[in-house]
Amino acid sequence: MLRIISLLQEKNHYLEKFYSLNETEIVNFSLGNFDNLENFYNTRERILEILKYIDAQLDLENSEIPDLDRFSVDERRQVREAMGIKDEYVSRIIEQDLEVLSFIEAAKSNIIRELQDVRRVRKAVGGYKSPTFTKRLDEEI
């Protein structure tokens, strides 16, 4: 049971890292700074891989435990506490991810609007172009 408690605590540690990473980048995104986006996603992926490994270890430990009644009240309390912390981090991370997605969606919409504006301006400027006289000059020479 100590191994399970240790794994749960380790999982919560990585969930905290994930949460902190999101917090930092949300501040950057709110300022319109998306320079670290690729690194942000790569770091998140690495943390998710670690969490996946920890979950596999937890599954392995759980499959080897035949009888939960043999564990002390304190050990069960520690497991419940760790699971509560995990649930809290997961719900906060989901809220953060929705916020991250909204910032990215807003930035994407702005970029699309800017591209449409550039296209309209080019078309308008193209209507005012004067004909080129280089061909006539070449003929005169």
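The values are calculated or read from the model by the stated rules, or taken from the named source; none is laboratory data. None of these values were measured; they are calculated from a predicted model. Using ideal geometry, Cβ is built from the backbone for each residue, glycine included, and neighbour counts are taken over all protein chains shown.
Annotations for the structure displayed:
- Hits in region 77-111 - residues which are more than 15 Å from the chain's Cα centre (by Cα), within 27 Å of Leu2 (Cβ to Cβ) and hydrophobic (A, V, I, L, M, F, W, C): Val79, Ala82, Met83, Ile85
- Qualifying residue in region 125-133 (condition: part of a helix (DSSP H, G or I), out of contact with any strand residue (DSSP E or B) (no Cβ under 6 Å at 6 or more places or on another chain) and at pLDDT 70 or above): yes
- The residue of region 8-27 that is surrounded by the most Cβ atoms within 10 Å (Cβ to Cβ), among those that are over 14 Å from Ile54 (Cα atoms) and hydroxyl-bearing (Ser, Thr, Tyr), is Tyr19.
- Scanning region 65-77 turns up no residue that is of a type outside the set (Val, Ile, Thr), without any contact (Cβ under 8 Å) to a residue 40 or more places away in the chain and within 30 Å of Asn110 (Cβ to Cβ).
- Restricting Ile104, Ile94 to residues that are under 18 Å from Glu25 (Cβ atoms), assigned to a helix (DSSP H, G or I) and in contact (Cβ under 8 Å) with a residue 40 or more places away in the chain narrows the list to Ile104.
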